[in-house]
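Working notes for the structure below.
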Amino acid sequence: MALRLPRAGTPQILAFLAILAVNWVVSPQFFDTRFQDGRLFGSLVDVFNRGAPVALLSIGMALVIATRGIDLSVGAVMAICGAVAASLADSHPLPVALGAALGAGLLCGLWNGLLVAVLGIQPIVATLILMVAGRGIAQLITEGRIVTFSDPGLAWFGGGSVLGVPAAVAVVFGMLLLTVALVRGTALGLMIEATGGNARASALAGVGTRAMTLAVYIWCGLCASLAGIVAAADIRGADANNAGLWLELDAVLAVVIGGASLFGGRFSLGLAVLGALIIQAMNTGILLSGFPPEFNLIVKAVVVLAVLLVQSPALVGILPSRQWGRSWRRR
Amino acid sequence: MNRLLPVLVTTAVFLIGFALCCLQFPNFLSTRVVFNLLTDNAFLGIVAVGMTFVIISGGIDLSVGSVIGFTTVFLALAIQRAGLPPLVAFALVLVVCAAFGAAMGAVIHHLEMPPFIVTLAGMFLARGASFLLSTESIPIDAALYTDLPDAAIRLPGGGRLTVIAMIMLAVFVAGGLLLHVTRFGATVYALGGNRTATALMGVRVGRTTILIYTLSSLLAGLSGIVFSLYTSSGNSLAATGVELDTIAAVVIGGTLLTGGQGFMFGTFIGVLIQGLIATYITFDGTLSSWWTKIATGVLLFAFIAFQQSMVGLAGRRSRRRAAGVAPA
């Protein structure tokens, strides 16, 4: 996986470098990085740090999309888990608050997984339920207020560092390594792709498609709860209304930029995270260049359209670089 | 009968819910409450009519909330800054919205991409465009905007049938006729049932797909006009998340999200149920607004689970009837 990445992800890596270069042109001090209070600071570090929640979401989303599914509820799950962590942080020890938040994410994922895998509801519909209700549940937990906390343990996820690397980035890196080890180190990744490619054929071939589907939604819930913890720690509080708002769409976009097909059957976790970083680098670039931040949405729409054009089944035969297009789609 | 069952259940849920509200709050049973329900949810109802077409055809349109937001800002700027007469501005914005929907439909059909991701791009684009036009809320004080919302037919019991509510009812009637009586409506059902079979039958799938998304965006534009009349302002943040409320209303109304089944009347009841929950929470006074979201989610789950069991039963029965010939 790690060895295959440079070949498979050439367009994404080039795009990321190109955006960084543009950012550097717009703001010459973009690459200036300094070491202060035991932590790296600078615009480039910020791209990684701010991109952490979407990167975490995209890890889980990549697995879900590989099974031909989609999880629209991750933003709401982020809000729930952030609310749980923030409201327990000051009154309980850190492991309890973290455990409760992760447990809440696990439960949300289990709920989505049961609806999709056991009841056989379409993923987009099944996860819509929690997307609508989840934000209400989060507001129920915070009682409509923005719950702040002062516990330094939880705040570490927002402002702390590991060997100079911001804690949020370290969490993304750890989660990415763990997930890659789990799915690529074993046959799990293959089975997930098989489930997305042709669920019926895979089931006949002996793949536990139902268990696979259940597992990816649970993992996605877990990733969303980590993202919620990081987002809450970042602002030292839980805002049930705005935490993770529309991030599910960014996560889907990140996975699609990472070369996954919405029709399932293939995924790359590293490229999905890179997709999240591309989105964040664009956001930072727009901020640095002095354009109004509202410009973000237009740029995102253009990126979606561009990715659509590259992925479109109808255009594959027409594209001049036919061979390249094909081989990229395969991987 | 089987097809009508979801709509009947939805209607029963609404009537029972209304009766329970009346039992708890005697003031609930008045024409004032009923007609306010229509006025307050007029914009949601109009956009839900378009969404019903989209969902029955097996698609989804995530862009409608952003299109409403764009419409309100566009109108505010056209009327307040450019000094256009409101009716000219209305016509102009409807043309823009229709073209936007046609473009999305064309991309969905010709590039063979899932409607979900195409309308997601449309959502970003429309919201971004409205932010670019203006990021602040602009009040509209044209004569039409002060007169029209107040114009209403007064009914006994304090009820007022406003122009806005009448527009919504007219859109529902027109939408119902278009869906259930015309050839276009039959094609929409056919598309949701089986796209390939429909194309093989000689139906022009591309034209119908483009028309469906044009209609959805056009109605979102009309809904935006109503929304701007209702709030007398244009705001680029207006109607954020309305696409979810709309989809929820259509699904609660008994329309199958996989396409091919549903009724316009069901959507009407679905919109009223959402309005009823909000009104109940206002009447109660101690419940907070987030209970609306939770209650909508619970209802959504109940209806989807109900539909799923219905589809499962129907599938088993038809399979038994086919005696070994599995349906594709």
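The values are calculated or read from the model by the stated rules, or taken from the named source; none is laboratory data. Note that this is a predicted model, so its numbers are computed, not measured. Heads up, the Cβs are rebuilt from the backbone with ideal geometry, glycines too, and the neighbour counts pull from every protein chain shown.
Go over the candidates A:LEU44, A:LEU107, A:LEU63 one by one and state the one that is surrounded by fewer than 24 Cβ atoms within 10 Å (Cβ to Cβ) and farther than 15 Å from A:GLY228 by Cα.
Values: A:LEU107 fails: farther than 15 Å from A:GLY228 by Cα; A:LEU63 fails: surrounded by fewer than 24 Cβ atoms within 10 Å (Cβ to Cβ).
Criteria check complete, one pass: A:LEU44.
Would you confirm whether any residue within region A:315-323 is modelled with pLDDT under 85, basic (Lys, Arg) and under 30 Å from A:ARG200 (Cβ atoms)?
Of all residues in region A:315-323, those modelled with pLDDT under 85 come to A:315-323.
Among the residues that remain, those that are also basic (Lys, Arg) are: A:322.
Applying the additional criterion that residues be under 30 Å from A:ARG200 (Cβ atoms) yields none.
No.
One line per residue, one yes/no per condition, for (1) within 13 Å of chain A (Cβ to nearest Cβ); (2) under 23 Å from A:GLY134 (Cβ atoms); (3) among the aliphatic types (A, V, I, L, M):
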position: B:LEU256; (1), (2), (3): yes, no, yes
position: B:PHE265; (1), (2), (3): no, no, no
position: B:GLY275; (1), (2), (3): no, yes, no
position: B:THR279; (1), (2), (3): no, no, no
position: B:LEU287; (1), (2), (3): yes, yes, yes
position: B:LYS293; (1), (2), (3): yes, yes, no
position: B:THR296; (1), (2), (3): yes, yes, no
position: B:ALA302; (1), (2), (3): yes, yes, yes
Residues of region B:239-252 classified as surrounded by 24 or more Cβ atoms within 10 Å (Cβ to Cβ) and more than 20 Å from B:ILE304 (Cα to Cα), total: 1
Return the only residue of B:THR31, B:THR39 being at negative phi and within 21 Å of the chain's Cα centre (by Cα). B:THR39
Any residue in region B:138-148 that is closer than 30 Å to A:VAL302 by Cα and within 14 Å of chain A (Cβ to nearest Cβ)? no
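Among the helices (runs of 4 or more DSSP H) confined wholly to region B:160-209, which include 1 or more residues that are charged (D, E, K, R)? Walk me through how you get there before you give the answer.
Details: elements: B:163-180, B:183-193, B:195-200.
In region B:160-209, the matching helices (runs of 4 or more DSSP H) lie at B:183-193, B:195-200.
Among the residues in region A:269-287, are any touching a residue at least 60 places away in the same chain (Cβ under 8 Å), in a loop (DSSP other than H, G, I, E, B) and in contact with a helix residue (DSSP H, G or I) (Cβ under 6 Å, 6 or more places away or on another chain)?
Start the filter on region A:269-287 by keeping residues that are touching a residue at least 60 places away in the same chain (Cβ under 8 Å), which leaves A:269-285.
Next, only the ones that are in a loop (DSSP other than H, G, I, E, B) stay: none.
Checked region A:269-287: no residue is touching a residue at least 60 places away in the same chain (Cβ under 8 Å), in a loop (DSSP other than H, G, I, E, B) and in contact with a helix residue (DSSP H, G or I) (Cβ under 6 Å, 6 or more places away or on another chain).
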Within region B:267-283, the count of residues that are surrounded by fewer than 23 Cβ atoms within 10 Å (Cβ to Cβ) and among the aromatic types (Phe, Trp, Tyr) comes to 2
Check whether at least one residue in region A:219-236 is of a type in the set (Val, Ile, Thr) and within 14 Å of chain B (Cβ to nearest Cβ), and report yes or no. no
Name the single residue, out of those in region B:100-121 being over 19 Å from the mean Cα position of the chain (by Cα) and in contact (Cβ under 8 Å) with a residue 40 or more places away in the chain, that is nearest to the other protein chains (Cβ to nearest Cβ). B:HIS110
Residue list for region A:103-116, restricted to those being of a type in the set (A, V, I, L, M) and either within 11 Å of another protein chain (Cβ to nearest Cβ) or within 19 Å of B:VAL298 (Cβ to Cβ) (or both): A:ALA104, A:LEU107, A:LEU110, A:LEU114, A:LEU115, A:VAL116
Scope region A:104-153; condition without any contact (Cβ under 8 Å) to a residue 12 or more places away in the chain and acidic (Asp, Glu); matching residues: A:GLU143
Can you tell me which residue among A:ALA83, A:ALA100, A:ALA52 is within 14 Å of another protein chain (Cβ to nearest Cβ) and either under 24 Å from A:MET175 (Cβ atoms) or aliphatic (A, V, I, L, M) (or both)? A:ALA83
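Report, by residue number, each residue of region A:288-302 that is within 12 Å of chain B (Cβ to nearest Cβ) and either assigned to a helix (DSSP H, G or I) or under 22 Å from A:LEU56 (Cα atoms) (or both). Please lay out each step first, then the result.
Quick first cut of region A:288-302, residues within 12 Å of chain B (Cβ to nearest Cβ) only: A:291-302.
Answer for region A:288-302, where residues must be within 12 Å of chain B (Cβ to nearest Cβ) and either assigned to a helix (DSSP H, G or I) or under 22 Å from A:LEU56 (Cα atoms) (or both): A:PHE295, A:ASN296, A:LEU297, A:ILE298, A:VAL299, A:LYS300, A:ALA301, A:VAL302.
Take the residues of region A:117-170 that are aromatic (Phe, Trp, Tyr) and assigned to a helix (DSSP H, G or I): which is nearest to the other protein chains (Cβ to nearest Cβ)? Walk me through it before giving the result.
The first filter runs over region A:117-170 and keeps only residues aromatic (Phe, Trp, Tyr), leaving A:149, A:156-157.
Now restrict to residues that are assigned to a helix (DSSP H, G or I): A:156-157.
On the way: A:TRP156: 30, A:PHE157: 26 Å.
Per the criteria, the residue is A:PHE157.
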Filter region B:244-303 down to residues that are more than 19 Å from B:VAL173 (Cα to Cα), under 16 Å from the mean Cα position of the chain (by Cα) and in a loop (DSSP other than H, G, I, E, B), then give me how many there are. 3
Polar (S, T, N, Q) and surrounded by fewer than 20 Cβ atoms within 10 Å (Cβ to Cβ): is that true of B:THR214 in this structure? no
Is it fair to say A:LEU178 is free of Cβ contacts under 8 Å to residues at least 12 places away in the same chain, within 21 Å of A:LEU40 (Cα to Cα) and surrounded by fewer than 16 Cβ atoms within 10 Å (Cβ to Cβ)? no
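Looking at A:ALA85, A:ALA62, A:ALA101, which is the one that is in contact (Cβ under 8 Å) with a residue 24 or more places away in the chain, under 22 Å from A:SER268 (Cβ atoms) and outside any loop (DSSP other than H, G, I, E, B)? First the steps, then the outcome.
On the way: A:ALA85 fails: under 22 Å from A:SER268 (Cβ atoms); A:ALA101 fails: under 22 Å from A:SER268 (Cβ atoms).
Every option except A:ALA62 fails the conditions.
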